[in-house]
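What follows is a single structure, written as structure tokens, with notes after it.
The values are calculated or read from the model by the stated rules, or taken from the named source; none is laboratory data. Nothing here was measured: the structure is a model prediction, and the numbers come from that model. Note that we place each Cβ from the backbone using ideal geometry, even for glycine, and neighbour counts take in every protein chain shown. Accessible surface is based on the protein model in full, side chains and every heavy atom, while ligands, DNA and RNA are left aside. Shrake-Rupley method; radii C 1.70, N 1.55, O 1.52, S 1.80 Å.
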Amino acid sequence: MIKVAAAVIVSDGKILAAKRKNERLGGGFWEFPGGKLEPGETPKQACQREVAEELGDQCEVLERIEVSRHFTTPYGELEIDFFWTKLKTYNLKLVAASEYRWLPPEQLASVTWLKPSEPVLEVIKQTDLRKFE
């Protein structure tokens, strides 16, 4: 089981979507920034570290999103913790992604997401994002 943490980053009523670089597994699909937990790391700590590594930014992890966490993928069994997150800095370096887009909830379907992200999209559409401002 691969344990992963992912940041659902909210700003001004929009969500940050990251397009995976083509040479990466799942390349060309969109996801929320994140990655594997390191030994001894909590999901919240991993979320903060991954945002720092992938975007070059500091973030505040607000709360875990209550969605299905277990997924079977071509590269193994995943357990993903998704977190509502706010950026403290806005460097948005392209390390793991080839592109970022700030999307309002009604435009999330305009890009093709990795399957494990899909349950979160429904939660986003049903959430008043102003509570994270």
Review point. Percent of accessible area on the stretch 9-133 owned by carbon and sulfur, 1.4 Å probe?
Key: 47
Practice item. Provide the FRET efficiency to the nearest 0.05 for the residue 52-residue 110 pair, computing r from the beta carbons and using R0 = 25 Å. Key: 0.35
Check your understanding: So which lysines pass the test for residue 14, namely a Cα distance under 16 Å, with those fewer than 8 places away in the same chain ruled out?
Key -> 86, 88, 125, 131
Practice item. Quote to one decimal, in nm, the extra length available between residue 101 and residue 67 on full extension: 0.36 nm per residue of separation minus the C-alpha distance between them. Key: 9.9 nm
Practice item. Report the FRET efficiency, 1/(1 + (r/R0)^6), for residue 41 and residue 125, where r is their Cβ-Cβ distance and R0 is 30 Å, rounded to 0.05. Key: 0.50
Review point. Cα extents of the stretch 1-45 along the three principal axes, largest first, in whole Å?
Key: 32, 30, 13
Exercise for review: Please list the equivalent ellipsoid semi-axes of the chain, computed as the square roots of five times the alpha-carbon gyration tensor eigenvalues, in descending order and whole angstrom.
Suggested key: 19, 17, 16
Practice item. Could you do me a favour and compute the accessible area per residue for the chain, 1.4 Å probe, result in Å²? Key: 52
Exercise for review: Please give the calculated 222 nm ellipticity per residue for the chain, where each DSSP H segment of at least 4 residues contributes -39500 (n - 2.57) and the sum is spread over every residue; nearest 500 deg cm²/dmol?
Suggested key: -4500 deg cm²/dmol
Review point. Any idea what the dipole of the stretch 1-104 comes to, in debye rounded to 20, about its Cα centre with Lys/Arg Cβ at +1 and Asp/Glu Cβ at -1?
Key: 220
